1. With the structure loaded, tell me whether Gly77 is in contact with a helix residue (DSSP H, G or I) (Cβ under 8 Å, 6 or more places away or on another chain) and of a type in the set (Gly, Ala, Ser) or whether it fails that test.
2. Checking the conditions here, which among Ala163, Ala203 is touching a residue at least 12 places away in the same chain (Cβ under 8 Å), buried (at least 23 other Cβ atoms within 10 Å of the Cβ), within 16 Å of the chain's Cα centre (by Cα) and part of a helix (DSSP H, G or I)?
3. Restricting the search to region 119-146, which residues are over 17 Å from Gly21 (Cβ atoms) and among the charged types (D, E, K, R)?
4. Among the residues of region 133-160, which ones are of a type outside the set (A, V, I, L, M) and touching a residue at least 40 places away in the same chain (Cβ under 8 Å)?
5. Could you tell me which of the residues Thr213, Thr225 is at pLDDT below 90 and among the hydroxyl-bearing types (Ser, Thr, Tyr)?
6. Would you please name the residue that is nearest to Tyr68 (Cα to Cα), looking only at residues in region 88-132 that are touching a residue at least 24 places away in the same chain (Cβ under 8 Å) and outside any helix (DSSP H, G or I)?
Amino acid sequence: MQFITEQRLDDDLLEREFTLGDIPGILWTPGSAATPVPLILLGQSPIGLPAMYPRLLDRARAVAAEGYAAAVLELPGSGARPSSAVIDQARVDLQRALRTGEPVTDDIVDRLVLPLVEQAVPELQAALDALLALPELGGPVGYSGGVISIGTRLALVEPRIIAAVLFAGSFVPRSIIEEARQVTIPLHVLLQWDDEGNDRQQALDLFDAFGSTEKTLNANLGGHTGVPQHAGEAAGRFLARHLK
């Protein structure tokens, strides 16, 4: 991991861009907190870091207000990273199915999501290796947001993550729903009831499948980007409770 930029924002939040190999990422650390601090790994959308930056910065500021660090890593095929022909074709097939009212088949969902999960999860684990080697960062680690299938796999295979906030905003392969039965860490799931790009019943099936004895579903009316402020604050309190 190599830091390539550093700036102190006006709320004393230190923002550092880095590369992990050739993968871009950003680390935010609170200026006044004692070190080492807990870390929250921020998941993000496949639209890429530049487009997501304003929302990620808002989330990082909320994390820093609790005295924690936040970090994000660019997803495969997003931003300036090379695209995947398989995922691109699956995205075209998905958009066509949604536009014409055809069913979104398991094959489309698998081709769209599973290659992303298979590549992104090991990259996020490598990012954790590098980040937690920094003297200013320590455990425990939480995860928040992003593609819910990535969060589900990460919650299953990464023991350093002790709690996760998951956003039910994307299609989920049936194999990921089966993996969810083995997830046991505390979970807080956000669901937008009228999300135009999400299969609501699939999201409910995934929540039901999680094996965690502590799991909360926070469902609100509205579309994909309409998560109310109080729902985000509740998710923040959930992570704070477990990271402390």
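The values are calculated or read from the model by the stated rules, or taken from the named source; none is laboratory data. All values reported here derive from a predicted model rather than from experimental measurement. Don't worry about glycine lacking a Cβ; one is built from the backbone with ideal geometry, like all the others, and counts go over all protein chains shown.
1. Working: in contact with a helix residue (DSSP H, G or I) (Cβ under 8 Å, 6 or more places away or on another chain): yes; of a type in the set (Gly, Ala, Ser): yes.
It is true that Gly77 is in contact with a helix residue (DSSP H, G or I) (Cβ under 8 Å, 6 or more places away or on another chain) and of a type in the set (Gly, Ala, Ser).
2. Details: Ala163 fails: part of a helix (DSSP H, G or I).
None of the others qualify; the one that does is Ala203.
3. Within region 119-146, Glu136 is the sole residue that qualifies.
4. We begin by selecting, within region 133-160, every residue of a type outside the set (A, V, I, L, M); these are 135-136, 138-140, 142-146, 149, 151-153, 158-160.
Scanning region 133-160 gives Pro135, Glu136, Gly138, Gly139, Pro140, Gly142, Tyr143, Ser144, Gly145, Gly146, Gly151, Thr152.
5. Values: Thr213 fails: at pLDDT below 90.
Being at pLDDT below 90 and among the hydroxyl-bearing types (Ser, Thr, Tyr) holds for just one of Thr213, Thr225, which is Thr225.
6. It comes out as Leu132.
For (1) loosely packed, with under 14 Cβ neighbours inside 10 Å; (2) in contact with a Ser or Thr (Cβ under 7 Å, 6 or more places away or on another chain); (3) of a type in the set (Asp, Glu), each residue gets a yes or a no:
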{"position": "Gly48", "(1), (2), (3)": "no, yes, no"}
{"position": "Asp88", "(1), (2), (3)": "yes, no, yes"}
{"position": "Gln95", "(1), (2), (3)": "yes, no, no"}
{"position": "Val104", "(1), (2), (3)": "no, no, no"}
{"position": "Val113", "(1), (2), (3)": "no, yes, no"}
{"position": "Val121", "(1), (2), (3)": "no, no, no"}
{"position": "Ala126", "(1), (2), (3)": "no, no, no"}
{"position": "Leu131", "(1), (2), (3)": "no, no, no"}
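Condition check ((1) within 21 Å of the chain's Cα centre (by Cα); (2) aliphatic (A, V, I, L, M); (3) within 22 Å of Ala155 (Cα to Cα)) across all residues:
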position	(1), (2), (3)
Ser45	yes, no, yes
Ile87	yes, yes, no
Arg96	no, no, no
Thr105	no, no, no
Val109	yes, yes, yes
